[in-house]
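Report on the structure given below.
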Amino acid sequence: MASPNKADRLITQVFVDGARKGWNVSINSMLPNVIMAFFIIQILETIGLLDLLSSAFGPVMALFGLPGEALAVLLGAFMSMGGGVGVAGGMFADGYLNAEHLLILFPGIFLMGSLIQYMGRMLGTGEVNTSHWPMLFVVSIINAVIAMLIMAWVMLPIFS
């Protein structure tokens, strides 16, 4: 008997196969990034670097309506999108960020997230000329800044 093709499978089997694939992605790709992010926040907090970040970058982050500590979220996102989300979640749980801050940060996380990972995975394997890499990074960062400013302007009247 021939194996059934995809069109002959039951919807429940399609669902189960999708759930298995989703489980593997979450366990093998997302969870390590989130754990790394929580670990980074704890280290920054323990050695006092989070307070230093807050003081040093507070005025810049204030342009977005964010506390200085929010820079840690963007730095985490620069390395890994899942890491940025994890840092944001950890900072929210610890009371450094509130819902408004998260709404402002999320477009930045997703527009510039994982640039370090993409550098090797896509730009390197795609043989993109390395002289173009800085411009690609700058465009992503500018997009993130613009989106966060727009989100801050949108959120300001709602939360005020």
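How large a share of the accessible area of the chain, in percent, is made up of carbon and sulfur atoms when the probe is 1.4 Å and the other protein chains stay in place?
Values: 7080 of 9850 Å².
On the chain, the fraction of accessible area on carbon and sulfur atoms equals 72 percent.
For region 38-100, the normalised intensity computed at q = 0.26 Å⁻¹ comes to -1.18 (log10 of I(q)/I(0), Debye sum over alpha carbons, equal scatterers, no solvent). Maximal additional length on extending the Ile150-Thr46 stretch stands at 34.1 nm, based on 0.36 nm per residue less the C-alpha distance.
Per residue, how many Å² of accessible area does the chain show with a 1.4 Å probe?
Values: 9850 Å² over 160 residues.
Per-residue value: 62 Å².
Rounded to the nearest 0.05, what FRET efficiency do Val138 and Leu10 give with R0 = 45 Å and r taken as the Cβ-Cβ distance? Could you check? Don't skip to the answer; put the middle values down first.
Working: r = 49 Å, r/R0 = 1.10.
For R0 = 45 Å, the calculated efficiency reads 0.35.
Here the calculated FRET efficiency for Ile27 and Ala99, from their Cβ-Cβ distance with R0 = 35 Å, stands at 0.80, rounded to the nearest 0.05. A Stokes-Einstein calculation at 10 °C with viscosity 1.306 mPa s, built on the Kirkwood radius of the chain over Cα pairs, returns a diffusion coefficient of 90 µm²/s.
The values are calculated or read from the model by the stated rules, or taken from the named source; none is laboratory data. None of these values were measured; they are calculated from a predicted model. In this analysis, Cβ positions are derived from the backbone assuming ideal geometry, glycine residues included, and neighbour counts consider all displayed protein chains. With ligands, DNA and RNA removed, areas are computed over all heavy atoms of the protein, side chains included. Shrake-Rupley method; radii C 1.70, N 1.55, O 1.52, S 1.80 Å.
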